[in-house]
Amino acid sequence: WRRVGWLMAGAAIGLPLGLWVLTGVSEDTARAVISGYVLVMCGVLLAGWRLSREVSGLPNGVAGVISGLANAPGMGGLPIAAFFAAQPMSAAVFRATLIAYFPLLDLYSAPLYWYSGLVTWDTLRAGLIALPVTLLGNWLGGRHFFDTDPQDFRRFAIVLLGGLALL
């Protein structure tokens, strides 16, 4: 929970800055920058960058700032996944931290998106329609999480993200 607190403190700084930048550029520019960002993050993950020990305190806040900046276009999870994957952290702690952080980040982000004009009632309706599938996916993921080889899953996720970014 301390790690989640540091991440959220950083995101509270990064997200408003990211929204300011995002709303100040054209849609095509934003799309190109976001796709490039996803490709870079996939490269970082594929490179297998590693830290010698788990990180606590302020570095998690810095990761939160980066996540907040990246969350303006909805990509705040990638830097956190790369940062956590680089640490010798147990899979259960990794997953639990992400499960705690992402809903909090979304709850913080939603009013800021609304204020910035990036979220409308149609967005809310689409989110509610997608909610059952999201809950099902989380439930299935939880059931199969410990049975899946982490390297196979990691490779699949990175290739999928890279392919989507190229599209």
So, in region 71-85, of the ones that are open to solvent by less than 10 Å² (accessible area, probe 1.4 Å) and among the aliphatic types (A, V, I, L, M), which residue ends up nearest to GLU27 (Cα to Cα)?
ALA72
Only residues that are open to solvent by 100 Å² or more (accessible area, probe 1.4 Å) and either closer than 16 Å to ASP106 by Cβ or basic (Lys, Arg) (or both): list them for region 134-144, please.
LEU135, ARG143
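A quick yes/no check of all residues on (1) more than 19 Å from ASP106 (Cβ to Cβ); (2) among the β-branched types (Val, Ile, Thr); (3) part of a helix (DSSP H, G or I); (4) open to solvent by less than 40 Å² (accessible area, probe 1.4 Å):
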{"residue": "LEU15", "(1), (2), (3), (4)": "no, no, yes, yes"}
{"residue": "LEU39", "(1), (2), (3), (4)": "yes, no, yes, no"}
{"residue": "ARG53", "(1), (2), (3), (4)": "yes, no, no, no"}
{"residue": "ASN60", "(1), (2), (3), (4)": "no, no, yes, yes"}
{"residue": "ALA63", "(1), (2), (3), (4)": "no, no, yes, yes"}
{"residue": "LEU69", "(1), (2), (3), (4)": "no, no, yes, no"}
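Given the structure, is LEU104 touching a residue at least 60 places away in the same chain (Cβ under 8 Å) and surrounded by fewer than 16 Cβ atoms within 10 Å (Cβ to Cβ)?
Values: touching a residue at least 60 places away in the same chain (Cβ under 8 Å): yes; surrounded by fewer than 16 Cβ atoms within 10 Å (Cβ to Cβ): yes.
Here the answer is yes, as LEU104 does meet what is asked.
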Single residue of VAL119, VAL25, VAL44 found to be open to solvent by less than 80 Å² (accessible area, probe 1.4 Å), farther than 23 Å from LEU167 by Cα and without any contact (Cβ under 8 Å) to a residue 40 or more places away in the chain
VAL119
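The values are calculated or read from the model by the stated rules, or taken from the named source; none is laboratory data. Only a predicted model underlies this, so the values are computations on that prediction, with no experimental measurement involved. Neighbour counts are summed over all protein chains in view; Cβ atoms, including those assigned to glycine, are modelled from backbone coordinates with ideal geometry. To get the accessible areas, we keep the full protein, side chains included, count just its heavy atoms, and leave off ligands, DNA and RNA. Shrake-Rupley method; radii C 1.70, N 1.55, O 1.52, S 1.80 Å.
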